[in-house]
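A.B. asks: Sharing a structure here in structure tokens format.
The values are calculated or read from the model by the stated rules, or taken from the named source; none is laboratory data. Treat the numbers as computed from the prediction; the structure is a model and nothing was measured. Note: ideal-geometry Cβ built from the backbone for every residue, glycine included; neighbour counts use all protein chains shown.
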Amino acid sequence: MPAAVTSRKLMEMKKSGEKIVALTAYDYPFAKMADEAGIHLLLVGDSLAMVVQGEATTLGVTMDQMIYHTAITAKAAKTAMVVGDMPFLSYQVSTQEALKNAGRFLKESGATAVKLEGGAAVSDTIRAMTEVGIPVLAHIGLTPQSVHQMGGFRVQRDRDRLMEDARQVENAGAFAVVLEGIPTDISKEITDNINIPTIGIGAGAACDGQILVLHDMLGISSGHVPKFVKKYAELRQHAMEGIRTYIEEVQNSTFPDENHSY
Ligand code: KIV
């Protein structure tokens, strides 16, 4: 079995040019599949609110819910690094609360790192976490917890601000940074000018790695998915076919047959 992925390993991958491949996960069976397939990093994203809980934004998910889903994900991960996503207001109110909540992910869920959204504005929080030994994955650009402030899920184009955010999270000790909803040329400039790995989502091909929301890339999500999502499977369609066939067979008495009876 390959060694578990660590922040040090991700740094080595950036240096050697090996792409980092990450996915979100929220539960044991999907985490097990992704881990066995060779995914390097599993993020238990607060996108849980939207893809699992059916909410319109990520804002409502709680610390307890994130800890529960991170724990059932981490149980399945033998090699992938598991990162717990800090939900809205779990790290913005005070540094003390941020440390306590970040610590819960490591103590209670089996995650080995946390992610939080924001650049320069949260750099002191990132520094406080890394100083007590909590590895932090930063997240800049389109930060969904600020959806109302951004006026929707919008691509972020302020080159100077994005570069400054990337520099500040690196200086604060983040081991990597998610770049979300950023034009390719800006992501490339960031990737070329910082020493920590960049993991892109809707940020083009120049990043050191990529992450997608599992339910979007497997075709489980219904309704609109963003332009940057490529569907690698159509699981919703397959599941619907299976469920419809089951209904039909029970109703016409072809299930259960002898093979499925005692
Ligand atoms: O919550 C999430 O799934 C995320 C990824 C989209 C990076 O933050």
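A.B. asks: Count, please, the residues in the range 57-96 that happen to be among the small types (Gly, Ala, Ser) and within 14 Å of the ligand (Cβ to nearest atom). Explain how you work it out, then say what you get.
C.D. replies: The initial filter retains those residues of the range 57-96 that are among the small types (Gly, Ala, Ser), namely 60, 71, 74, 76-77, 80, 84, 90, 94.
Filter again for within 14 Å of the ligand (Cβ to nearest atom), leaving 60, 84, 90.
Residues in the range 57-96 being among the small types (Gly, Ala, Ser) and within 14 Å of the ligand (Cβ to nearest atom): 3 in total.
A.B. asks: Examine the range 205-228 for a residue that is aromatic (Phe, Trp, Tyr) and surrounded by fewer than 16 Cβ atoms within 10 Å (Cβ to Cβ), and state whether such a residue exists.
C.D. replies: Within the range 205-228, not a single residue is aromatic (Phe, Trp, Tyr) and surrounded by fewer than 16 Cβ atoms within 10 Å (Cβ to Cβ).
A.B. asks: Restricting the search to the range 170-217, which residues are of a type in the set (Val, Ile, Thr), near the ligand (Cβ under 10 Å from one of its atoms) and more than 16 Å from Glu18 (Cα to Cα)?
C.D. replies: Within the range 170-217, Val178, Ile201, Val213 qualify.
A.B. asks: Kindly list the number of the only condition in (1) in contact with a helix residue (DSSP H, G or I) (Cβ under 8 Å, 6 or more places away or on another chain); (2) closer than 26 Å to Ala128 by Cα that fails for Lys100.
C.D. replies: All conditions are met except number (1).
A.B. asks: Another question, if that's okay. Do you know which of the residues in the range 144-169 that are buried (at least 20 other Cβ atoms within 10 Å of the Cβ) and within 16 Å of the ligand (Cβ to nearest atom) is farthest from Ala111 (Cα to Cα)?
C.D. replies: Among them, the one singled out is Gln156.
A.B. asks: Of the residues in the range 82-140, how many are buried (at least 22 other Cβ atoms within 10 Å of the Cβ) and of a type in the set (D, E, K, R)?
C.D. replies: Number of matching residues: 3.
A.B. asks: Over 28 Å from Asp124 (Cα atoms), modelled with pLDDT of 95 or more and assigned to a loop (DSSP other than H, G, I, E, B): is that true of Lys78 in this structure?
C.D. replies: yes
A.B. asks: Which condition number does Gly84 fail, the rest of (1) assigned to a loop (DSSP other than H, G, I, E, B); (2) of a type in the set (Gly, Ala, Ser); (3) under 25 Å from Ile39 (Cα atoms) being met?
C.D. replies: Looking at each condition in turn, Gly84 falls short on (1).
A.B. asks: OK, next. Has the range 123-143 got any residue that is within 15 Å of the ligand (Cβ to nearest atom), in a helix (DSSP H, G or I) and under 21 Å from the mean Cα position of the chain (by Cα)?
C.D. replies: Scanning the range 123-143, I find no residue that is within 15 Å of the ligand (Cβ to nearest atom), in a helix (DSSP H, G or I) and under 21 Å from the mean Cα position of the chain (by Cα), so the answer is no.
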